[in-house]
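Everything on this sheet refers to the single structure shown next.
What follows is calculated from the coordinates using simple rules that are stated; it is not laboratory data. These numbers were taken from a predicted model, which means no experiment stands behind them. With ideal geometry, Cβ positions are generated from the backbone for all residues, glycine too; neighbour counts draw on all protein chains shown.
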Amino acid sequence: MDEKTAKREIARLRKEIRHHSKLYYELDASEISDFDYDKLFRRLGELEAEFPQFDSPSSPTHKVGGRASERLKKVTHLVKMDSLADVFSFEELTAFLDKSRQQLAEVDEEIFYTVEPKIDGLSVSLTYEKGELILGATRGDGIIGEDVTSNIRTIASIPQHLAEPLSLTVRGEVYMPRDVFSKLNEEKEAAGEKMLANPRNAAAGSLRQLDPEETAKRKLDIFVFNFQSGSLYGDGHAPKSHRETIERMRTLGFHTVEILCTTTKDTEILAAIEKLGNSRASLPCGIDGAVIKIDALSQRELLGETSSTPKWAAAYKYPPEEKETKLLDIAVQVGRTGVLTPNAVLEPVQLAGTTVSRATLHNIDIIRQRDIRIGDTVIVRKAGDIIPEIAGSIASKRDGSEQIFQIPSYCPSCGESIVFDKEDDEAEAGAARCINADCPAQLERRLIHFASKGAMGIDGMGPQIVRLLIENDLIQSAADIYKLTPGPLAALPRMGPQSAANLMAAIEKSKTAGPARLLFGLGIHHIGTAASESIIKQFGSIHALFEADVPTLCQVEDIGEIMAQSVIDFFSLPETKLLIQRLSDAGVVMEADTDVSDSNSLHGLTFVLTGSLSTLSRAEAGEKLKQLGAKVAGSVSSKTSYVVAGNAAGSKLDRARQLNIPIIDERQLFKLLQGETLE
């Protein structure tokens, strides 16, 4: 390869790696498998070594992981959290073992290696002071991570207090058990939400939630695999080996990784890796490889590390199991937000213990990049050993009858024209979308979202009830919910008069949910709860959005051009105007409560609510605070103004005390809500 070609290829690889790195580390929404990502990374490293004149300190090969999220408080690690050098074959692994032995040739002692599973999760550090957990942080870029202490405290297998009053930092991998992941995806599918690609993405997204209560629902777990700093013994004794370190951490209460073997022999190392690989499908957590480490800590110190990886360890990466099969068709599914997702219809094939007949194709860009055509012989595999995906096509097996797939210009469900998203920072950049509010394919998913707790909060109207209402022709849009009557409801299977009466009461109550929750409930792409609140705070009503334009919306806090355009597109539809008019006629509140919202007595203050309040729910308290201009956050940080502590207050209260954040009770909260000042 000449210099010009190499320079162009290096630039292309860096751009592609940064794109996938952002999806993996920051958005928890990877498009390619770890194996493919690692191959890109390896190829870039090889080219930079061959053409050092094009190497750069800013290259992904000199960085670890992704940058810390702007949503979470940043943490600087006391000890850098390196990644591991990857090997993809036994030949490469043997070369690593030989090289480490050569570098330690002058050491007058045997070199033992350990083998352990490489958990596919999110790497974190846990810091304890005198036996008390004080900080949990993500790896981030290896130097700066994110403070996720409140969320870490919800993981049952992480000790809040050590068995001894020691000050130390350990490193582990937070993961989501397979059975929990499967159940979560079942719930998402039932709710019409986008399913998660693999447990790693699910674990990362769960741990980085702003609300610890949401993290707690995900039932995460952890394996601790490394001692970072501090002292493992109160008497000053230091461990001499990795195995001793693991055993000591286990006695302190940590859920530690399993060391499969400790040996000097290559044959035993390779046998342990192969045995682990064969058992992957039966493990309770996902793994993407095996980690081989030098056991003696003194030998590790002699070897040292590169700018981003230790020289005393390597990760053997398992290739995903792949099979060939026929791509019979590409079916287009319309999701809740209108995204058109292409899915492969396959000739059934056995893969990783299951029969696969459908696979995700993500979006049109993936189909084009991998040159996948209807009728192709394709290579199918399971991303993260969970979700089937098409790795590519075999062009040499084409006979000329194959068809190039095109995203339809019209929605396959409602026939309306589709639009294409502009390039943005999301995993769905460039997605095709139907923005018809009455699209039948989106109806069930939209109505489930509309009735959900964060939106209109209609108790009792879950996925099954929504499905029943649609199947019995009782509702065709969100406005129809407010035309329901007790008789037809009571006649539905498993309903009856009392259940119907309860649902009618919940529907009536939802009319006063307010315009911000209504805006969120409409399911506009990019517009979440925070954005909805900011928009209504600025515009005051739903009706005002029909007259809004992009520049005006962009003046709203945290609203960018893409979000603004999404709102404009939605409110420019005649279907939207009819829907809003029908909701308004039914008595759904469209205007903000100006009598309250005009008061900004708590503007600029940030509150965190913890524990249970006796006179109102935390959600109701949060709404009242927001009406007075305050922000309500899900976790405690240095920017928190007050923590409101109710009965059985948990980890948020502990965090507030650590940061010296003012703590108030329910009585003091009511003083603030009534416009009084605190002493």
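Taking the C-alpha atoms only, the angle from helix 618-627 to the longest principal axis of the chain is near 70 degrees.
Between 0 and 90 degrees, rounded to the nearest ten: what's the tilt of helix 561-571 against the longest Cα principal axis of the chain? For helix 561-571, the angle is close to 40 degrees.
Averaged over residues, the count of other Cβ atoms within 10 Å places the peptides 587-593, 391-397 in the sequence 587-593, 391-397, highest first.
Let me know the shape class of region 205-363, please: from the alpha-carbon gyration tensor, a ≥ b ≥ c as square roots of the eigenvalues, rounded when a/c is under 1.5, otherwise prolate if a/b is greater than b/c, or oblate. Don't skip to the answer; put the middle values down first.
Numbers: a/c = 2.73, a/b = 1.73, b/c = 1.57.
It comes out prolate by the Cα gyration axes.
Each other residue within a Cβ distance under 13 Å of ILE465 adds +1 if Lys or Arg and -1 if Asp or Glu, for a net charge of -1. Each helix, a run of at least 4 DSSP H residues, gives -39500 (n - 2.57); summed and divided by the residues of the chain, these come to -10000 deg cm²/dmol at 222 nm.
The trypsin sites (Lys or Arg not before Pro) of region 467-569 meeting both criteria, a DSSP state outside H, G, I, E and B (loop) and at most 14 other C-beta atoms within 10 angstrom of the site's C-beta, are ARG494. Placing +1 on each Lys and Arg Cβ and -1 on each Asp and Glu Cβ, with no other charges, gives region 595-673 a dipole about its Cα centre of roughly 280 debye. If a/c stays under 1.5 just call it rounded; otherwise compare a/b with b/c (prolate if a/b is bigger, oblate if not). Do that for region 74-317, with a ≥ b ≥ c from the square roots of the Cα gyration tensor eigenvalues. Taking the square roots of the gyration eigenvalues as a ≥ b ≥ c, region 74-317 is oblate. Where does the charge balance sit around ARG373 when Lys and Arg score +1, Asp and Glu -1, over other residues with C-beta under 9 Å from its C-beta? Its environment carries a net charge of -2. In the chain, taking the dipole from charged Cβ atoms about the Cα centre, the farthest positive-side position among THR267, ALA85, VAL257 is held by VAL257.
Each Lys and Arg contributes +1 and each Asp and Glu -1, all at the Cβ; summed about the Cα centre of region 74-317, the dipole is approximately 420 debye. Helix 266-278 and the long axis of the chain differ in direction by around 20°, with both axes built from C-alpha atoms.
Where does each of ARG667, ARG300 land when they are ranked from fewest to most other beta-carbon atoms within 10 angstrom?
On the way: ARG667 8, ARG300 20.
Ranking ARG667, ARG300 by Cβ neighbours within 10 Å, fewest first, gives ARG667, ARG300.
Positive contributions from Lys and Arg (+1) and negative ones from Asp and Glu (-1), summed over other residues with Cβ under 13 Å from the Cβ of LEU297, come out at +1. Where both partners of a DSSP beta bridge lie in the chain, what percent of those bridges are antiparallel, to the nearest 5? So the antiparallel bridges in the chain amount to around 85 percent.
Summary of the geometry: region 215-269 and region 501-556, compared by the centres of their Cα atoms, lie 50 Å apart.
Going from the residue with the fewest nearby Cβ atoms within 10 Å to the one with the most, SER452, SER641 rank SER641, SER452.
Work out the length of the dipole vector of the chain about its Cα centre, built from +1 on the beta-carbon of each Lys and Arg and -1 on the beta-carbon of each Asp and Glu, and round it to the nearest 20 debye. The partial results should precede the final answer.
On the way: 79 positive and 99 negative charges, 155 e Å.
Its charge dipole is roughly 740 debye.
In the structure shown, do any of LYS4/LYS293; LYS39/LYS323; LYS511/LYS631; LYS7/LYS326; LYS511/LYS537; LYS577/LYS631 have a Cα-Cα gap over 28 Å, and if so which? Table pairs above 28 Å Cα-Cα are LYS4/LYS293; LYS7/LYS326; LYS577/LYS631.
Residue order for TYR113, TYR410, fewest other beta carbons within 10 angstrom first, comes to TYR410, TYR113.
By the Cβ distance rule of under 4.7 Å, the chain has these cysteines without a partner: CYS261, CYS285, CYS554. Considering only ASN226, GLN668, PRO117, and ranking their Cα positions along the charge dipole of the chain that arises from unit charges at the beta-carbon of Lys, Arg, Asp and Glu, the one farthest toward the positive end is GLN668. Here the ratio of the Cα radius of gyration of the chain to 2.2 N^0.38 Å is 1.05.
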